[in-house]
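Have a look at the structure below before the remarks.
Since every read-out is calculated from the coordinates, none of them should be taken as a lab result. Treat the numbers as computed from the prediction; the structure is a model and nothing was measured. In this analysis, Cβ positions are derived from the backbone assuming ideal geometry, glycine residues included, and neighbour counts consider all displayed protein chains.
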Amino acid sequence: MMQSLKSRIMGASLALVACAMVSGAQAQDKKPIVIGFSQSLTGALSPNGKQALLGMEIWKDQTNKAGGLLGRQVELKYYDDKSDPSEVPGIYTKLLDVDKADLVVSGYATNQVAPAMPVVIRKGKTFVSLFGLDVNDKFKYPKYFSVLPTGQDTKGSFTKGFFDIAAAQNPKPQTVALTFADAEFSQNACEGARANAKKHGIKIVYDEAYPPPPKTTDFAPIVRKIKSLNPDLVVVCAYPLDSVGMVLAANEIGLKPKMFGGALVGLQATFFKDKLKNKMNGIVNYETWVPDEKQMYKGTKEFFVEYQSRAKAAGVDPLGYYLGGWGYAQMQILGDAVKSAKSIEDDKVAAALKKDKFETVMGPVKFGGKGEWAEGRMFTVQYHDIPADAGLDTWRGMSYQTVLEPKNLETGKVIYPYEKAVK
């Protein structure tokens, strides 16, 4: 009798195992959920685009290991847009018409997000963008959601901290020079800078665009013209290559306003930090996240351990602080919305994105009007005490940068004027 009972128990156990194996096999047999996007894997934006992609791939691998989404594995389908906005519409047309992607998200950067919008809107797709600055202002598309911590003051957010800090100095700076690339992001950021200058009663004495690289490669004439006007403040709104060019020219020519910086994209990434090193000293610039203990959320440390263990083999930014974590968070948000909606239908996913609050490795996210964040979380930092031989260990922590805003996350005070921090 005992033997018979054991046999029945063993038989039941084997049946359960077999059932689980069949269920798992059935889940594997289901078509994967295909998420499509363009990404800048070559060209000027590639140092940031590639680290965002690694973050996205880590999310995919972890999701699939945990059973996928809605019982289906996830596949990322992407093409290199070569950092060229003109490549983007064709990529999204192919993703939707030929590849039949179930869902689409954006690759990195405003200049790449904007040209995808007409295709996405025409197809009625939900669109979660990555670092697109106020792209939906002209489209007013109800299924657009921005992963960028600007809050509702989108255009002004990149330079708000810069102007707030400047206006608090005694005596208060009176004049500012604005220079920006003639491209989507820089135009938007500079529009915000004008509003911030007006708010604080600071007179604009220079406000000129330049053709973005590769059309402009020599920034010295721009810097010399600005220097001749002797403004108290200099604000630059630029993408990586022109940011580097502007900083190098400012150091070479000896530009010494009371504050210098603003919306210099690129200085946040290790690749560009290594190019500039101590030439960054004194610059007051925006940031979206810093590796301070106050910015460690659920899964943050674990994510960066995984990212950094894979970075060398992937040939990407070794730290991933600027776009790696945000690429992961972009996919976290989309994945959690799919789970909440219990569907990959675009309307249902969009409804979940509007309704829910999302906990990500980069912090909590709740969407508000136009698909922007209900509340912003942009940083203003100042770089300082960077040696000429700075390397990876310098960039790992907070020793070379001070958080000036927001005040509740402040780690120190501004070094003012700029000349005092230049070394």
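Checking the cross-link pairs Lys60/Lys100; Lys138/Lys413; Lys65/Lys348 against a 27 Å limit on the alpha carbon distance flags Lys138/Lys413 as lying beyond it. Can you tell me the 0 to 90 degree angle between the C-alpha axis of helix 88-97 and the longest principal axis of the chain, rounded to 10? That works out to roughly 10 degrees. The stretch between Leu409 and Asn170, if pulled fully straight at 0.36 nm per residue, gains 83.7 nm over its current Cα-Cα span. A Gaussian network model of the chain, with springs between Cα atoms under 10 Å, assigns the largest mean-square fluctuation among Phe185, Phe163, Phe131 to Phe163. Full extension of the segment from Lys275 to Thr217, taken as 0.36 nm per residue of separation minus the current Cα-Cα distance, would add 19.3 nm.
With N counted as the residues of the stretch 198-296, its alpha-carbon radius of gyration over 2.2 N^0.38 Å works out to 1.12. A DSSP coil position with no more than 13 other Cβ atoms inside 10 Å describes the following trypsin sites (Lys or Arg not before Pro) in the stretch 271-339: Lys298.
The spacing between the stretch 32-61 and the stretch 186-250, judged by their C-alpha centroids, is 30 Å. Take the alpha carbon atoms of the stretch 100-142, find their center, do the same for the stretch 298-314, and report the distance between the two centers in whole angstrom. If you average the Cα positions of each part, the centres end up 27 Å apart. Shown here are the Rg and Dmax of the Cα trace of the stretch 223-371, at 19.5, 61 Å. How would you classify the stretch 337-415 from its alpha-carbon gyration tensor, with a ≥ b ≥ c the square roots of the eigenvalues: rounded for a/c under 1.5, else prolate if a/b is greater than b/c, otherwise oblate? Cα axes put the stretch 337-415 in the prolate bin. Simple spin-label estimate for Glu208 and Ser309 gives 5.3 nm between the two label positions (7 Å along the Cα-to-Cβ direction from each Cα). Given the -39500 (n - 2.57) contribution per DSSP H run of 4+ residues, what per-residue ellipticity at 222 nm results for the chain, rounded to the nearest 500 deg cm²/dmol? Taken over the chain, the calculation gives -13000 deg cm²/dmol. Rounded to whole Å, the principal axis extents of the Cα atoms in the stretch 187-248 read 34, 26, 15, largest first. Highest mean packing first, where packing is the average number of other Cβ atoms within 10 Å per residue, the peptides 256-262, 364-370 line up as 256-262, 364-370.
Which loop GluC sites (Glu not before Pro) in the stretch 323-420, with loop taken from DSSP, have no more than 16 other Cβ atoms within 10 angstrom of their Cβ?
Glu345, Glu375, Glu410
Considering only Ala388, Ala329, Ala341, the Gaussian network model of the chain with Cα springs below 10 Å gives its largest mean-square fluctuation to Ala388. Axis of helix 157-167 versus longest Cα principal axis of the chain: the two differ by about 40°, to the nearest ten degrees. With a simple spin-label model that places each label point 7 Å from the Cα along the Cα-to-Cβ direction, the separation between Lys298 and Glu359 comes to 0.2 nm. All C-alpha to C-alpha distances of the chain, sorted into 20 Å bins beginning at zero, yield P(r) values of 26, 53, 16, 4, 1, 0 percent in whole numbers. Each listed q (0.24, 0.27, 0.30 Å⁻¹) maps to a log10 I(q)/I(0) for the stretch 381-423, found by the Debye formula over equal Cα scatterers with no solvent: -0.87, -0.99, -1.08. In the chain, the longest principal axis of the Cα atoms and the axis of helix 324-341 are about 40 degrees apart. Shape class of the stretch 96-196 from the Cα gyration tensor (axes a ≥ b ≥ c, square roots of the eigenvalues): prolate, since a/c reaches 1.5 or more and a/b is larger than b/c.
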